[in-house]
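Trainee: First, the structure itself, so that you have it in front of you.
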4 protein chains.
Amino acid sequence: MSVTARDNAVFEAGIKLGALYHQFVGSPVSPKTAESLEKAISQSISVQPYVKHITVRLDRKMIEESLSAYGYTELKGPMLDVDAVIKYEKYEVVVGIAYKDGYPLMFIKDLREV
Amino acid sequence: MSVTARDNAVFEAGIKLGALYHQFVGSPVSPKTAESLEKAISQSISVQPYVKHITVRLDRKMIEESLSAYGYTELKGPMLDVDAVIKYEKYEVVVGIAYKDGYPLMFIKDLREV
Amino acid sequence: MSVTARDNAVFEAGIKLGALYHQFVGSPVSPKTAESLEKAISQSISVQPYVKHITVRLDRKMIEESLSAYGYTELKGPMLDVDAVIKYEKYEVVVGIAYKDGYPLMFIKDLREV
Amino acid sequence: MSVTARDNAVFEAGIKLGALYHQFVGSPVSPKTAESLEKAISQSISVQPYVKHITVRLDRKMIEESLSAYGYTELKGPMLDVDAVIKYEKYEVVVGIAYKDGYPLMFIKDLREV
């Protein structure tokens, strides 16, 4: 089958989420530094091709609950709440990462022709 | 538009390449250890859902040419030559990473219904 | 105070453990692929300067216990059991990562003049 | 030989630099997002134990020069200019990462009893 613009739009969306997760998971973080990490992650991914919009939220409650005796923790997949819009030619793909059923899941929320 | 199995197949393929790249780029490597890194990368990605097959080759010539005075270098994107087959429901997506026109590009090679 | 060879030996040992941890934590892993990841991690770190010896073991029981419904997990700090010998000039530093008191701790085990 | 507080101070300093390098190298970056990445890196490392102070600067000229046709690049070791002060008991260790002689070097700048 021929590869379509829609395929490429969805493929690019997957690349961005895989990249985000494996680049930043493991970063030391605390409640005080969560905001700067959110901002850096969203800005970092936003410079990649076809990223129209991205929002990254780190779950403050999970960060609090996993603090070590040293007062910090590491970014873990379940802490990530991500929404991103990838635009490739006339297709916009809305994708996300969210913690569901015990896992940090990546999924396609919406797909539209614009 | 409704998200189809084909969309999910392609999305999952993108996730795997983004993950591979950002997890392992930066790993110290030398000509002698390239093979164990290739094997670990391909096995690591192969445990993720929907990965039917994956081959990872690291460019020995580039590794040689970028060796530091200390006799090693770090895995860089252009050194990666990856082929992977992702299977989601009845769709198989063949994707890859290859160095073209000065960049490590990720692309869909083939898409088929099986 | 002047920086001594002993200081540099211990400094280099710390660099290697920090690098190992943050390069490889997050890698997808399963009981079947743990061995190839252990080998790749130890070989990757061993190419860096001053590494005389390194052994990396991944805790199979923890890997088993943290498997997702998809049959894999990600390498986490507590799964790491590392022993390394760093040699700088006439100093050998034996360092390690081990899971103690709920944390993956990095520590100096021994320091000797050779 | 017994492990001293001075050894532990220097060891902890090494851990922080190795962690910083291998956590964040590979992050997508552009001239516009360099500042948020600098801030996130310095805040992320600053939550770890014994970090008294840290400054992270990313070389804007190198970022500009390595921009791809897509208008971004990835954080590479040579772009890092880091100064950090690690304090362990009565020892302060000043360490850094800087690009010298073609390599991103990590080194101890100063060591003092306070």
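No value in this document is a laboratory result; all are computed from the given coordinates. The structure displayed is predicted, hence computed values, not measured ones. A quick note on method: Cβ atoms are made from the backbone with ideal geometry, for glycine too, and the neighbour counts reach across all protein chains shown.
Trainee: Rounded to the nearest 0.05, what FRET efficiency do D:Arg112 and C:Ala69 give with R0 = 51 Å and r taken as the Cβ-Cβ distance? Could you check?
Mentor: Details: r = 53 Å, r/R0 = 1.04.
Once rounded, the FRET efficiency stands at 0.45.
Trainee: Hey, another quick one. Can you pull out the GluC sites (Glu not before Pro) in segment C:55-93 whose DSSP state is coil and whose Cβ has at most 15 other Cβ atoms within 10 Å?
Mentor: C:Glu89
Trainee: Under a 5 Å amide H to amide H cut-off, with H placed in plane at 1.01 Å, what residues pair with C:Lys109 once short-range neighbours are removed?
Mentor: Those qualifying (amide H under 5 Å, at least 5 residues apart or on another chain) are C:Val94, C:Val95, C:Gly96.
Trainee: For B:Lys52, project a label point 7 Å along Cα to C-beta. Then give me every residue of segment B:99-114 with its amide nitrogen under 15 Å of that point.
Mentor: B:109-114
Trainee: Nothing charged except the Cβ atoms of Lys and Arg (+1) and of Asp and Glu (-1): what's the magnitude of the dipole of the protein assembly as shown about its Cα centre? Round to the nearest 20 debye.
Mentor: So the dipole magnitude of the protein assembly as shown works out to roughly 0 debye.
Trainee: At 222 nm, what helix-only mean residue ellipticity would the protein assembly as shown give, in deg cm²/dmol to the nearest 500, using -39500 (n - 2.57) for each DSSP H run of four or more?
Mentor: -11000 deg cm²/dmol
Trainee: How far is D:Lys61 from itself in the other copies, in nm, if each label sits 7 Å out from Cα along the Cα-Cβ line, shortest first?
Mentor: 3.3, 5.0, 5.6
Trainee: At a Cα cut-off below 17 Å, give the lysines reachable from D:Lys32, other chains included and same-chain residues fewer than 8 away excluded.
Mentor: The reachable lysines, counting only those whose Cα sits under 17 Å from D:Lys32, are A:Lys39, A:Lys52, D:Lys61, D:Lys76.
Trainee: Now for a different question. Once the mean 1/r over all distinct Cα pairs of segment A:2-73 is inverted, what Kirkwood radius in angstroms do you read off?
Mentor: One decimal place: 13.8 Å for the Kirkwood radius.
Trainee: Once you mark the trypsin sites (Lys or Arg not before Pro) that are in a DSSP loop and have at most 13 other Cβ atoms within 10 Å, what is the longest gap between them in chain A? Don't skip to the end; give the middle numbers.
Mentor: Details: sites that count: A:Lys32, A:Lys90.
The longest uninterrupted stretch comes out as A:33-89.
Trainee: May I pose another question? For a quick check: with amide H placed at 1.01 Å from N, whose amide H comes under 5 Å from D:Lys52's, ignoring anything fewer than 5 positions away on the same chain?
Mentor: Excluding prolines and chain starts, which carry no amide H, the hits are D:Val85, D:Ile86, D:Lys87.
Trainee: Charges only on Cβ, +1 for Lys and Arg, -1 for Asp and Glu: so what's the dipole of segment C:36-114 about the Cα centre, in debye to the nearest 20? Spell out each step's value before the answer.
Mentor: Working: 11 positive and 12 negative charges, 35 e Å.
Dipole of segment C:36-114, to the nearest 20 debye: 160 debye.
Trainee: Report the Cα-based extents of segment B:70-114 along its three principal axes, largest first, to the nearest Å.
Mentor: On the principal axes, segment B:70-114 reaches 49, 21, 8 Å in Cα extent.
Trainee: Starting from the coordinates of the alpha-carbon atoms of the protein assembly as shown, obtain the Kirkwood hydrodynamic radius over all distinct pairs and give the value in Å to one decimal. Please list the in-between numbers first.
Mentor: Numbers: mean 1/r = 0.0448 Å⁻¹.
Taking every pair of different Cα atoms in the protein assembly as shown, averaging 1/r and inverting gives 22.3 Å.
Trainee: If you draw the axis that swings chain D onto chain A, which residue of D has its Cβ closest to it, and how far is that in whole Å?
Mentor: Nearest Cβ to the rotation axis, residue and whole-Å distance: D:Ala40, 2.
Trainee: What is the Cα centroid distance between segment B:38-74 and segment C:37-74, reported in whole angstrom?
Mentor: 16 Å
Trainee: Which whole number of Å³ per residue matches the convex hull of the alpha-carbon atoms in segment B:18-111?
Mentor: Details: hull volume 7.8 nm³, N = 94.
Looking at segment B:18-111, the number lands at 83 Å³ per residue.
Trainee: Quick one: 3J(HN,Hα) in Hz for segment A:38-51, Karplus 6.51/-1.76/1.60 with θ = phi - 60°, rounded, Gly and Pro as x.
Mentor: 4, 5, 5, 5, 5, 5, 5, 5, 5, 7, 6, x, 6, 8
Trainee: Among C:Ser27, B:Ser66, B:Ser42, rank each residue by its count of other Cβ atoms within 10 Å, from fewest to most, as a rough exposure measure.
Mentor: Sorted ascending by nearby Cβ count, the order is B:Ser66, B:Ser42, C:Ser27.
Trainee: Something else about it: Given chain A, what percent of its DSSP beta bridges are antiparallel, to the nearest 5?
Mentor: 100 percent
Trainee: For segment A:18-103, calculate the relative contact order in percent as a whole number, restricting contacts to Cα pairs under 8 Å that are 6 or more residues apart.
Mentor: It comes to 29 percent, rounded to a whole number.
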